[in-house]
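Undergrad: This is the structure I want to talk about, given as structure tokens.
The values are calculated or read from the model by the stated rules, or taken from the named source; none is laboratory data. Keep in mind it's a predicted model, so treat the numbers as computed, not measured. Every residue, glycine among them, receives a Cβ derived from its backbone with ideal geometry; neighbour counts consider all protein chains shown. Note: accessible area is taken over every heavy atom of the protein model, side chains too, but ligands, DNA and RNA are not part of it. Shrake-Rupley method; radii C 1.70, N 1.55, O 1.52, S 1.80 Å.
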Amino acid sequence: MRTAPKFRRATPIRRFALAFAAFAAFAGFAGFAAFALMPLRAAAEVSDPQDTAQLEALAKSEAALQFPKLTERQRFLVGPIEAHLQHERCSRPIRPVVASPQHMKDRVMIELRCQDEKPWHIYVPVRIVGTSPVAVAAHAIIAGTLIKASDLKTEEHDISELPLGFLDDPSIAIGLTAARPIAGGAYLTNQQLVAAKAVQRGQSVTLIADAGGMSVRMAGRALSDGLMNQRVRVQNLSSGKIVEGIARSEQVVEIILQ
């Protein structure tokens, strides 16, 4: 059986505020009408003071009034509110107020007040956190793997949660090598990756030297591993001489003549 809907009767204070607002609007004082209703908008009904979600929402709405509009990569982080706190049900709307008129540019302390016969209050910290795209391993990556686009995915996370050296652009990692095992779902950092080896020890390479404006090419063999633009020891197969060069690309080492 359906029951008739219940309507909350207006309190004497609210009836007075509404009446005053109506009078002010009729008299042409719109500013006074808004002022009359302002205290009522500052408070809110919280059906269950044990429901931290309701308290957090109330603190967040008050904090939003203290800052410029957030960007698409910003959000409010509220709390924490200790779940075990015991508060009696408040018969009046709980009122959020700024605990201190002077607050930092990215955080504020909101006081939630219950002005009942047995008043109580709690303090709720609210701060602005930024978010950033971050490269995440799409699956487990074995050490020594050359990173491909299919190994990565992009997610948005709070900057405060991200490790130092996180990659905000997955394309940075493509073509690099995993220096250690990377678990699936882990953030990628520059400490986990190294440049791909241009040459490997024992492989045949082409030695290039600039001699008086002429480019001379010789066959050689790498005697050590070398990353791109890193010094590497090589042997000239024609003369047997061992020299140092710079790995310029795969299988190409530039010999710097003195």
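Undergrad: (1) modelled with pLDDT of 50 or more; (2) under 27 Å from His121 (Cα atoms): which one isn't true of Arg41, the others all being true?
TA: (1)
Undergrad: Considering region 175-202 alone, what residues qualify as being under 27 Å from Leu223 (Cα atoms) and aliphatic (A, V, I, L, M)?
TA: Hits for region 175-202 are Leu176, Ala178, Ala179, Leu193, Val194, Ala195, Ala196, Ala198, Val199.
Undergrad: In addition: Check every one of the strands (runs of 3 or more DSSP E) wholly within region 182-258 and list those with 2 or more residues that are free of Cβ contacts under 8 Å to residues at least 24 places away in the same chain and not hydroxyl-bearing (Ser, Thr, Tyr).
TA: Result: 214-222, 231-236, 242-249.
Undergrad: Can you name every residue in region 177-195 that is hydrophobic (A, V, I, L, M, F, W, C) and crowded, with 18+ Cβ neighbours inside 10 Å?
TA: Ala178, Ile182, Leu188, Leu193
Undergrad: Tell me which strands (runs of 3 or more DSSP E) are completely within region 69-176 and hold 2 or more residues being modelled with pLDDT of 90 or more and either open to solvent by 50 Å² or more (accessible area, probe 1.4 Å) or among the aliphatic types (A, V, I, L, M) (or both), or say none if there are none.
TA: Correct list: 95-98, 107-114, 120-137, 152-158.
Undergrad: Within region 196-219, work out how many residues are open to solvent by 80 Å² or more (accessible area, probe 1.4 Å), in contact with a strand residue (DSSP E or B) (Cβ under 7 Å, 6 or more places away or on another chain) and more than 17 Å from Thr177 (Cβ to Cβ).
TA: Of the residues in region 196-219, 3 are open to solvent by 80 Å² or more (accessible area, probe 1.4 Å), in contact with a strand residue (DSSP E or B) (Cβ under 7 Å, 6 or more places away or on another chain) and more than 17 Å from Thr177 (Cβ to Cβ).
Undergrad: Quick check on my filter: what residues within region 189-209 are touching a Gly at 6+ places or on another chain (Cβ under 9 Å) and hydrophobic (A, V, I, L, M, F, W, C)?
TA: Matches in region 189-209: Ala195, Ala196, Ala198, Val199, Val205, Leu207, Ile208, Ala209.
Undergrad: On to the next question. Kindly indicate whether Leu176 is within 12 Å of Val136 (Cα to Cα) and out of contact with any Lys or Arg (no Cβ under 9 Å at 6 or more places or on another chain).
TA: no
Undergrad: Looking at (1) surrounded by 16 or more Cβ atoms within 10 Å (Cβ to Cβ); (2) aliphatic (A, V, I, L, M); (3) in contact with a helix residue (DSSP H, G or I) (Cβ under 7 Å, 6 or more places away or on another chain), can you tell me which one Ala222 breaks?
TA: Here Ala222 meets the rest and fails (3).
Undergrad: Further question on the same structure: Among the residues of region 228-258, write down those that are over 15 Å from Val216 (Cα atoms), among the charged types (D, E, K, R) and at pLDDT 90 or above.
TA: Arg233, Lys241, Glu244
Here is a yes/no grid of residues against (1) under 29 Å from Arg75 (Cβ atoms); (2) out of contact with any Lys or Arg (no Cβ under 8 Å at 6 or more places or on another chain):
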| site | (1), (2) |
| --- | --- |
| Ile142 | no, yes |
| Thr154 | yes, yes |
| His157 | yes, yes |
| Gly165 | yes, yes |
| Val205 | no, no |
| Val232 | no, yes |
| Gln235 | no, no |
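Undergrad: Which pairs do you get when a residue that is free of Cβ contacts under 8 Å to residues at least 40 places away in the same chain, found in region 55-67, comes within reach of a residue that is among the aromatic types (Phe, Trp, Tyr), reach meaning Cβ atoms under 9 angstrom, with the pair 6+ apart or on two chains?
TA: The qualifying pairs are Ala64/Phe76.
Undergrad: While we're here: Against the conditions (1) touching a residue at least 12 places away in the same chain (Cβ under 8 Å); (2) within 14 Å of Ile128 (Cα to Cα); (3) of a type outside the set (Gly, Ala, Ser), where does Arg113 fall short? Just the number, please.
TA: Unmet condition: (2).
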